[in-house]
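A.B. asks: Structure in structure tokens, see below.
The values are calculated or read from the model by the stated rules, or taken from the named source; none is laboratory data. Just so it is clear, the structure is predicted and the values come from calculations on it, not from any experiment. Note: ideal-geometry Cβ built from the backbone for every residue, glycine included; neighbour counts use all protein chains shown. Accessible surface is based on the protein model in full, side chains and every heavy atom, while ligands, DNA and RNA are left aside. Shrake-Rupley method; radii C 1.70, N 1.55, O 1.52, S 1.80 Å.
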Amino acid sequence: MCPPVLGVRARIEREGESLKVTVVVPTYNERENLPVAVERLTALPVADLHVLVVDDNSPDGTGEVADKLAVDLPNVVSVLHRTEKDGLGRAYIAGITRALAEGADVVIQMDADLSHPAEVIPAMLEKLQTTDAGVVLGSRYVPGGSTAEEWKWHRKALSAWANFYVNLILSLGVKDATAGFKAWKADTLRAIDVASIKSNGYSFQVEMNYRTVKKGFVIAEVPIRFEERTKGASKMTFKVQLESALMPWKLLFGKQV
């Protein structure tokens with residue numbers, strides 16, 4: 001039940017109107033997960049699916065795997081190669097910027113480690129289209145949501161504390177403030193000036209949410225089961241954790257926006 005590792009562009013019909021949906025998924029050392037992600041994405045009931053892989057010069061050959069997929073599925077997969085690994089936030093900005101430049105109506109963020117359930121994408125798109133939400137989060141902490149059974153109690157406690165901590169400081173009013181699985185209306189991304197965001201790592205997600213709330217947009221949530229990666233290594237480092245802890249205070253005192 002977990003999702004992809006890349007970026008997807010799809011067209012969906014709504015009252016005779018065709019919407020272009022781009023799912024941006026950065027990769028770094030995800031060569032084993034990437035083909036699985038593509039398979040899951042192409043199985044979705046979304047027409048004209050396109051996958052955009054944003055690879056940060058992975059030393060394990062993920063970029064080459066992505067290029068082969070692009071050759072094998074030329075109408076489905078495309079690749080954005082970056083020459084250095086400078087953080088999840090920078091990779092997302094590069095992918096989102098390209099998606100907007102190519103005329104996406106909706107942009108989806110998705111991790112590359114198969115932790116996000118691809119099959120929830122249609123529900124996220126429906127929520128985005130049928131409500132006044134500017135962004136829809138795939139949430140672990142709304143009714144029906146959950147985290148992987150493999151998570152140890154201290155990891156679950158840390159995640160719950162991080163969400164409480166962020167909401168206490170920034171009053172975002174969402175259950176999963178640190179979520180990384182999101183479906184955005186293009187107009188929301190333009191309004192929050194996503195290209196100017198300076199934060200990186202997981203704090204990038206918090207800053208995007210904060211800007212969204214400050215601009216008056218509604219954040220909606222749909223439940224997901226967040227799965228543990230089965231292949232590859234986590235990118236969570238002490239530096240990333242420290243930045244994530246400091247970011248809410250920087251935002252509150254106007255240091256980042």
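A.B. asks: Would you please name the residue that is modelled with the highest pLDDT, looking only at residues in region 156-181 that are among the hydroxyl-bearing types (Ser, Thr, Tyr) and assigned to a helix (DSSP H, G or I)? Quick ask: steps written out before the conclusion?
C.D. replies: Just the residues of region 156-181 that are among the hydroxyl-bearing types (Ser, Thr, Tyr), to begin with: 159, 165, 171, 178.
Then keep just the ones that are assigned to a helix (DSSP H, G or I); that gives 159, 165.
Working: Ser159: 71, Tyr165: 80.
Looking at the filtered set, the residue picked out is Tyr165.
A.B. asks: Here's another thing I want to ask about it. Kindly provide the set of residues from region 205-235 that are assigned to a strand (DSSP E or B), modelled with pLDDT of 95 or more and open to solvent by 20 Å² or more (accessible area, probe 1.4 Å), ordered by number.
C.D. replies: Residues satisfying the conditions are Val218, Ile219, Glu221, Pro223.
A.B. asks: Quick one: Glu119 ticks every box in (1) open to solvent by less than 50 Å² (accessible area, probe 1.4 Å); (2) modelled with pLDDT of 85 or more except a single one, so which number is it?
C.D. replies: Evaluating Glu119 over (1) open to solvent by less than 50 Å² (accessible area, probe 1.4 Å); (2) modelled with pLDDT of 85 or more leaves (1) as the failure.
A.B. asks: Continuing with this model, one more query. Going by the conditions given, is Asp132 surrounded by 22 or more Cβ atoms within 10 Å (Cβ to Cβ) and of a type in the set (Asp, Glu)?
C.D. replies: So Asp132 fails the test.
A.B. asks: Out of Ala91, Ala112, Ala66, which single residue is open to solvent by less than 40 Å² (accessible area, probe 1.4 Å) and part of a loop (DSSP other than H, G, I, E, B)?
C.D. replies: Values: Ala91 fails: part of a loop (DSSP other than H, G, I, E, B); Ala66 fails: part of a loop (DSSP other than H, G, I, E, B).
Answer to the selection: Ala112.
A.B. asks: Somewhere in region 150-160, is a residue open to solvent by less than 50 Å² (accessible area, probe 1.4 Å) and free of Cβ contacts under 8 Å to residues at least 12 places away in the same chain?
C.D. replies: Yes.
A.B. asks: Further, regarding this structure: Which of (1) modelled with pLDDT of 90 or more; (2) charged (D, E, K, R); (3) in a loop (DSSP other than H, G, I, E, B) is the odd one out, the single condition Lys198 does not satisfy?
C.D. replies: Result: Lys198 passes all but (1).
A.B. asks: Another question, if that's okay. Among the residues of region 182-195, which ones are part of a loop (DSSP other than H, G, I, E, B) and either open to solvent by less than 10 Å² (accessible area, probe 1.4 Å) or at pLDDT below 90 (or both)? Walk me through it before giving the result.
C.D. replies: The first filter runs over region 182-195 and keeps only residues part of a loop (DSSP other than H, G, I, E, B), leaving 192-193.
Matches in region 182-195: Ile192 only.
A.B. asks: I want to confirm something. Restricting to region 34-56 and keeping residues that are out of contact with any Lys or Arg (no Cβ under 6 Å at 6 or more places or on another chain) and not aliphatic (A, V, I, L, M), which single residue is farthest from Ala94 (Cα to Cα)?
C.D. replies: Only one residue tops the list, namely Pro45.
A.B. asks: While we're here: Cβ-Cβ below 6 Å, separation at least six or inter-chain, first residue in region 17-41 and more than 17 Å from Ala99 (Cα to Cα) and free of Cβ contacts under 8 Å to residues at least 40 places away in the same chain, second assigned to a strand (DSSP E or B) and β-branched (Val, Ile, Thr): which pairs?
C.D. replies: Val38/Val51
A.B. asks: Can you work out which of the residues in region 42-52 that are within 20 Å of Arg98 (Cα to Cα) and out of contact with any Pro (no Cβ under 8 Å at 6 or more places or on another chain) is surrounded by the fewest Cβ atoms within 10 Å (Cβ to Cβ)?
C.D. replies: Ranking the qualifying residues of region 42-52, first place goes to Asp48.
A.B. asks: Taking the stated definitions as given, is Leu80 touching a strand residue (DSSP E or B) at 6+ places or on another chain (Cβ under 8 Å), among the hydrophobic types (A, V, I, L, M, F, W, C), assigned to a loop (DSSP other than H, G, I, E, B) and in contact (Cβ under 8 Å) with a residue 12 or more places away in the chain?
C.D. replies: no
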